[in-house]
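Visitor: Dropping the structure in here first, questions after.
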Amino acid sequence: MRRFQQYIDGQFEDAGASFPSIDPATGEPWAMMPEARSGDVERAVEAAHRALHSGPWPTLTPTARGKLLMRLAELTATNAQALAEVETRDTGKIIRETSAQIAYVADYYAYYGGLADKIEGAHLPIDKQDMEVWIRREPVGVVAAIVPWNSQLFLTAVKLGPALAAGCTVVLKASEDGPAPLLEFARLVDEAGFPPGVVNIITGFGDECGAALTRHPKVAHVAFTGGPVTARHIIRNSADNLASTSLELGGKSPFVVFADADLQSAANAQVAGIFAAAGQSCVAGSRLIIEASVKDRFLAILKAKAESVRIGPPLDASTEVGPLCTDRQRRLIESVVEEALAAGAGLVTGGRTPDGPGFYYPPTILDCDGAEVSATSTELFGPVLCVISFDTEEQAIELANSTPFGLAAGIFTQNLTRAHRMIRRITAGVVWVNTYRAVSPIAPFGGYGMSGHGREGGLAAALDYTRTKTVWLRTSDDPIPDPFVMR
Ligand code: NAD
């Protein structure tokens, strides 16, 4: 079995404990992972705190910080395939998705490398004589970055890129499910030449490692991606250190299709929107809201596509849908689908766990019209599409906004004025019109409501890793009058 190590203060080392990581394609352990306990977390945060205040990092110019990020971008691009293979092995996400995604991850580091020396302060036209007043933007401090298992390298880049551009130091916690890609990525951070302690990469379980990290008094900001239940723990823990938080949480995103849409094109987007990454994506378009007059036609197209998807080993380049990451996740999906079918939902396709090894689950479509089922509001994080139909635009909006989540939404229509009305009224942080799942380092991303707060991507994300210092400087050489002498 392969053994991975954690990366603290510029050193690769074993943690206080270790645990096996399971290959989702076989259900068997394939590697041993370092399990950071509270002592490891303590050393990682101390290293990040030292690197923030002493050594080369705090005196590097922003341009020099940017060059380090550019170097990390180059190394990520060069090693994308090797990283993709490790991520696929450890999480079951198929190789064609991991290799394309990681190649693009390099662009995020390049974007934030370019941004590092463009984070400007301000000079204020102050209402007082003989005063210069300006605002400096300084790094917020030590950042605890916590990521879930899906798309870990991507979800890391949207935190590490802006945090390092702003001059912060980071303790990054990989998920206990499939941490290998981040532990492997640590080699590139090391090779890029970041000073020791600037980036520390550990993994461990949420209740010990995650809790110790998020409540540590020297952590100033927690950048979290994961589920809403964990987010609440993090908010409670950050009451100890009063750290600021950015929370990128789950979704139950509506995919709204009007009768006038190009149905073939919308069906391709819907299939990618729910079955890519076997549905284990925060922006999965998991609720199809379809105009009733085209429901049967659209479902026939989707059913044919879902049934022709190639399900197979994730490392095989021809596989289109691989296994789920964990057996735990598959069991949750099985139970919610069974409950939906028992409550009257129609099974359009899928819905049956295949025999054999690995955590596979087939692309599944549930017709939920007329059935009160939790599948339409619970984030399943799997390849399960719930279908609900509408007759009027007003009903479509009501259905789209009917969950507490608000991460993303898709609208498919050829009617421009209707598209604009929908964009205004849908409660989601990202709206895609006649497209789905597009992302870019230049575009902010994040949710409304139970999908969290804070934005990743774009310039504003880098500003979120800074705090302002207001400086007052008196320019007069006249002595300051004695305040107790009356004139
Ligand atoms: P999770 O919330 O169970 O775990 C996420 C991370 O939090 C892991 O590293 C875990 O170890 C850590 N953690 C757990 N308990 C903790 C605690 N008490 N304190 C600190 N850290 C703790 O999520 P998951 O099941 O790994 O991932 C799936 C979830 O992530 C879904 O809800 C999905 O929608 C969400 N997600 C959101 C986005 C987004 O950008 N909005 C992107 C990807 C995934």
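Visitor: Hey, what's segment 149-214 come to in accessible area per residue, 1.4 Å probe, Å²?
Guide: 17 Å²
Visitor: Another question about this same structure. Could you size up the charge dipole of segment 1-66 around its Cα centre, putting +1 on the beta carbon of Lys and Arg and -1 on that of Asp and Glu, and report it in debye to the nearest 20?
Guide: Rounded to the nearest 20 debye, it is 260 debye.
Visitor: What is the calculated FRET efficiency for Thr435 to Arg474, with r their C-beta to C-beta distance and R₀ = 60 Å, to the nearest 0.05?
Guide: Efficiency computed from Cβ-Cβ geometry: 0.60.
Visitor: Specify the angular offset, from 0 to 90 degrees and rounded to the nearest 10, of the alpha carbon long axis of helix 95-115 from the longest principal axis of the alpha carbons in the chain.
Guide: Relative to the chain, helix 95-115 is tipped by roughly 30 degrees.
Visitor: For the peptides 408-421, 170-183, what is the packing order when you average, over each peptide's residues, the other Cβ atoms within 10 Å and list the highest mean first?
Guide: In decreasing order of mean packing, 408-421, 170-183 become 170-183, 408-421.
Visitor: Once both axes come from the Cα atoms, what is the angle between helix 180-192 and the longest principal axis of the chain, in degrees from 0 to 90, rounded to 10?
Guide: So the helix axis and the longest Cα principal axis differ by about 30 degrees.
Visitor: How much net charge surrounds Pro181 when only the other residues with a Cβ under 14 Å from the Cβ of Pro181 are counted, with Lys and Arg +1 and Asp and Glu -1?
Guide: So the surrounding residues net to -3.
Visitor: Among rounded, prolate and oblate, which fits segment 1-128 when a ≥ b ≥ c are the square roots of the eigenvalues of its C-alpha gyration tensor, a/c under 1.5 means rounded, and a/b larger than b/c means prolate?
Guide: oblate
Visitor: I would also like to ask the following. Taking the Cα centre of segment 254-433 as the origin and placing charges on Cβ (Lys, Arg +1; Asp, Glu -1), which of Ala428, Ile274, Pro383 is farthest toward the positive end of the dipole?
Guide: Selected residue: Ala428.
Visitor: Another question about this same structure. Can you list the HN-Hα couplings for segment 230-244, worked out from phi with the Karplus curve (6.51, -1.76, 1.60; θ = phi - 60°), rounded to whole Hz and with x for Gly and Pro?
Guide: Each residue's phi maps through the Karplus curve to give 5, 4, 5, 4, 5, 5, 5, 5, 6, 5, 5, 9, 6, 5, 6 Hz.
Visitor: Next up: Looking at Ser253, Leu263, Thr76, which one has the Cα that reaches farthest to the positive end of the dipole of the chain (charges on Cβ: Lys, Arg +1; Asp, Glu -1)?
Guide: Of Ser253, Leu263, Thr76, it is Thr76.
Visitor: Another one. Tell me the net charge near Tyr448. Cut-off is 14 Å between Cβ atoms, Tyr448 excluded, with +1 for each Lys or Arg and -1 for each Asp or Glu.
Guide: Result for the neighbourhood of Tyr448: +3.
Visitor: With +1 assigned to the C-beta of every Lys and Arg and -1 to the C-beta of every Asp and Glu, and no other charges, what is the dipole magnitude of the chain about the Cα centre in debye, to the nearest 20?
Guide: Computed charge dipole of the chain: roughly 640 debye.
Visitor: Can you give the charge dipole size of segment 177-272 about its Cα centre, rounded to the nearest 20 debye, using +1 on the beta carbon of Lys and Arg and -1 on the beta carbon of Asp and Glu?
Guide: Computed charge dipole of segment 177-272: roughly 400 debye.
Visitor: Would you work out if segment 292-351 is rounded, prolate or oblate? Take a ≥ b ≥ c from the square roots of the eigenvalues of the alpha-carbon gyration tensor; rounded if a/c is under 1.5, else prolate when a/b is larger than b/c, oblate otherwise.
Guide: Oblate, since a/c reaches 1.5 and b/c is not below a/b.
Visitor: Kirkwood Rh, Cα Rg: Rg to Rh for segment 254-433?
Guide: Ratio value, two decimals: 0.96.
Visitor: Another one. Give me the net charge of Ala239's neighbourhood, meaning all other residues with Cβ under 14 Å from the Cβ of Ala239; Lys, Arg count +1, Asp, Glu -1.
Guide: Surrounding charge for Ala239 is +2.
Visitor: Where does the chain land at 222 nm, in deg cm²/dmol rounded to the nearest 500, when only DSSP H runs of n ≥ 4 count, each adding -39500 (n - 2.57), divided by all residues?
Guide: It comes out at -11500 deg cm²/dmol, rounded to the nearest 500.
Visitor: Here's another thing I want to ask about it. Restricting things to alpha carbons, find the Rg to Rh ratio for the chain using the Kirkwood radius for Rh.
Guide: Here Rg/Rh amounts to 1.03.
Visitor: How high is the relative contact order of the chain? Use alpha-carbon pairs under 8 Å, at least six apart in sequence, and give a whole percent.
Guide: 18 percent
Visitor: Right, next: Measure nothing fancy, just the Cα-based angle from helix 62-78's long axis to the longest principal axis of the chain, in degrees from 0 to 90, nearest 10.
Guide: 30 degrees
Visitor: Between segment 412-465 and segment 292-336, how far is it from one alpha carbon centroid to the other, in angstrom?
Guide: 25 Å
Visitor: Calculate, for segment 254-433, the solvent-accessible area per residue in square angstrom, rolling a 1.4 angstrom probe over the heavy atoms of the protein chains.
Guide: About 39 Å² of surface per residue is accessible.
Visitor: Classify segment 394-487 from the C-alpha gyration tensor, please: rounded if a/c falls under 1.5, else prolate or oblate depending on whether a/b exceeds b/c.
Guide: prolate
Visitor: Could you tell me what percent of the accessible area of the chain is made up of carbon and sulfur, with a 1.4 Å probe and every protein chain present?
Guide: 54 percent
Visitor: Turning to a different aspect of this structure: Which of Tyr361, Ala306, Thr230 sits closest to the plus end of the dipole of the chain, meaning its Cα is farthest towards the positive end, when Lys and Arg get +1 and Asp and Glu get -1 on the C-beta?
Guide: Positive-end residue among those listed: Thr230.
Visitor: I would also like to ask the following. Please give the length that would be gained between Glu398 and Gln414 if that part of the chain were fully extended, namely 0.36 nm times their separation in residues minus their C-alpha to C-alpha distance (nm, one decimal).
Guide: 3.7 nm
The values are calculated or read from the model by the stated rules, or taken from the named source; none is laboratory data. Keep in mind that what you see is a predicted model, and the values were worked out from it rather than measured. Cβ sites come from the backbone with ideal geometry, for glycine too, and all protein chains shown count toward neighbours. For the accessible areas, the whole protein counts, side chains as well, though only heavy atoms, and no ligand, DNA or RNA atoms are used. Shrake-Rupley method; radii C 1.70, N 1.55, O 1.52, S 1.80 Å.
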